[in-house]
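One structure is given below, encoded as structure tokens.
Coordinate-derived values only; no laboratory data. Values in this document were obtained by computation on a predicted structure and should not be read as measured data. No Cβ is skipped: glycine too gets one built from the backbone with ideal geometry, and neighbour counts run over all protein chains shown.
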Amino acid sequence: MGRKKVRYSEIVPDKSEWPIVKLSRNRKTFIEEVTNEAYDHFLSNKRGTIREEIEMTIHREKLRMKANPWKVDPPDEKVYWKNVQARLLDINPDDKDRDQQEKEILKEIILRYSEEISGNFKKSAYRFAQSFVTFGFARLLNAARVKGLLSLFSRQLDIDDKLHVIGETEHIRNLAKKGTVVMVPTHFSNLDSILIGWAIHYLGLPPFIYGAGLNLFNIKILAYFMNSLGAYKVDRRKKNPIYLETLKTYSRNAMKRGCHSLFFPGGTRSRSGEIESSLKVGLLSTAIEAQRELYLNADDPDNVRKVFIVPVVINYHFTLEAPSLIKEHLKRTGRERYYVEADEFSTSYKLSTFMFKFFTKGSDISVNVGKGMDILGNYVDDEGNSFDKNGNPINVKDYFLRDKKITFDAQRENEYVRVLAKRVVEEYHKYNRVFASHLVAYTAFKMLERQNPKLDLYHVLRLPDEDLELDYEEFKAKYKKLRTRIEKLHKKGLVDMADHMKERATDSIAHGLANVGLYHDQRPLIKKKDKIIVQDTNTLYYYHNRMNGYGLEKYI
């Protein structure tokens, strides 16, 4: 039986009332606001002198330009930072206005960062982009079924036949009417931004602002769509405190103005294929800061627009970038280090080829929307009211009170963001929708490990071909045992399951084998007669990792 289609109406039909439209209408004023506030925040929290902070920023920027330049970088970068350094050196230490001169340079740097980060949303471009994405993706889907020019006019499939938006969909629509929604998805592919943008449109929500990696703006066609869909630019190469403060201020102030926001708290695509277990809390903390400042500046603190955190889990049968991502992961030494972004999408042609191959394959995608939470990770109802784990009502304002006054406490808010990050990770695992492709990969890789108990991971990954065959009947028995465990977790609400997981084990396994690594030159796993053959241990390991965190290893 086919899946029942749902059509969602726009919750804010008047596009001039969209928060992002109001923000873009006053873009210049907003950039000035961000610049001034980031400047004040930075001066209040700097660790060294202004001169030391600027010198460190210049040094890091020069290293970045030399080690990892991108096409999207401003053409005047080298000249700009050379001039900043010269101006700093020209300041006489004995000048009475030395401090003021250094502050002027600091503010100019912040303004430059603010303008670089800022998105350039246009209402007309947004409408075109959404229509193009919906039409274009649907045509690609039909190209797999109707050959030749007829595929352009075929209506056998719409995009929602492939991309399933599930979970707490009506709940997020209600929350978007009551307050500011901050959507925090998992991140596996460079397609995530476009797919989430379409999902937001599909749900009838106003466009969100969202942080997109600056490297993606290297591609003109992708840059156009991301600008049109509300993206602001995040340059993960820049780790200096001045830039990070500016980025946080941009995010915080947009939320304060009521802009629904989206960012990937994992920071970048999951290299291992595993659901994120450790989040970058910089942008996540801006939701807490925005909520506190909304209370602080309110005429009536008991009637304040609330900020809601909504975890979202994106599920693919296969990730096109998997081979390069897992290769990067395996190169790592276990600590965070600088890396060069993979160039799967370095040109518009590569991106177009990527998307054609992706959408003409037959496997599904799901976007699972989690239940809304407040900025401490407590669930909220459709009216936005918060409740603790025992169902008792909570007033979020109380989290910011000291002596009955709204106050800022850095140590307290650091603890809040730690608690929130932990809750988001928990929700990721809860709303992860297990596909058969995930489970066949997990079963096969765990069998390899169990058959070679004395080998470490890297030796398992280098097993010779003759050791990469598994008995199908044994494989099926272990798959069924693991599926039974997942079914129990599902009944407890600790994980989600795709419908095809409920089919007969033989059919479920066949579905998983048909989809795992579907696009790759060499499939990680195939069935040949009465054997399961592992053809690529690296990508098999990548897809296996999706099932980490559920304690399944003790059931095989």
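Listed from fewest to most Cβ neighbours within 10 Å, the set Met447, Met65, Met255, Met226 follows the order Met65, Met447, Met226, Met255.
Relative to the Cα centre, the charge distribution of region 19-117, modelled as +1 at Lys and Arg Cβ and -1 at Asp and Glu Cβ, gives a dipole magnitude of about 460 debye.
The Cα trace of the chain gives Rg and Dmax of 24.9, 85 Å, the first to one decimal, the second as a whole number. Compared with the direct C-alpha span, the chain from Tyr555 to Glu115 gains 153.1 nm at full extension, assuming 0.36 nm per residue. Toward the positive end of the charge dipole of the chain, with +1 on the Cβ of Lys and Arg and -1 on the Cβ of Asp and Glu, the farthest Cα among His490, Ile275, Val307 is that of His490. Each Lys and Arg contributes +1 and each Asp and Glu -1, all at the Cβ; summed about the Cα centre of region 433-555, the dipole is approximately 620 debye.
Would you mind putting 530-537, 114-121 in packing order, based on average other-beta-carbon counts within 10 Å, highest first?
114-121, 530-537
Close amide H partners of Met183, meaning residues 5 or more places away or on another chain with modelled amide H under 5 Å apart, are Ser261, Leu262, Phe263, Val310. Within the chain, antiparallel bridges make up roughly 50 percent of the DSSP beta bridges whose residues both belong there.
Using Cα-Cα distances under 8 Å and only pairs 6 or more residues apart, what relative contact order does region 19-117 have, in percent?
Details: 37 pairs, mean separation 44.0, N = 99.
Reported relative contact order: 44 percent.
Sorting the segments 176-189, 296-309 by their residues' average number of neighbouring beta-carbon atoms within 10 angstrom, most packed first, yields 176-189, 296-309.
Which loop trypsin sites (Lys or Arg not before Pro) in region 404-446, with loop taken from DSSP, have no more than 11 other Cβ atoms within 10 angstrom of their Cβ? Write down the numbers at each step before the final one.
Working: sites: Lys404, Lys405, Arg412, Arg418, Lys422, Arg423, Lys430, Arg433, Lys446; in loops: Lys404.
Passing both the DSSP loop test and the Cβ count: Lys404.
How high is the FRET efficiency between Asp40 and Glu170 when r is their beta carbon distance and R₀ equals 35 Å, given to the nearest 0.05? Please report the intermediate quantities before stating the final value.
On the way: r = 41 Å, r/R0 = 1.16.
Efficiency for this residue pair is about 0.30.
Taking a straight Cα-Cα cut-off under 24 Å and skipping sequence neighbours fewer than 8 places away in the same chain, the lysines within cross-link reach of Lys476 are Lys446, Lys488, Lys491, Lys502, Lys527, Lys528, Lys529, Lys531, Lys554. The three principal axes of the C-alpha atoms in region 417-518 carry coordinate ranges of 47, 35, 25 Å, sorted with the longest axis first.
If you take the Cα atoms of region 19-117, find Rg, then find the Kirkwood Rh from the mean of 1/r over all pairs, what is Rg/Rh? The partial results should precede the final answer.
Values: Rg = 15.2 Å, Rh = 15.0 Å.
Radius of gyration relative to Kirkwood radius: 1.01.
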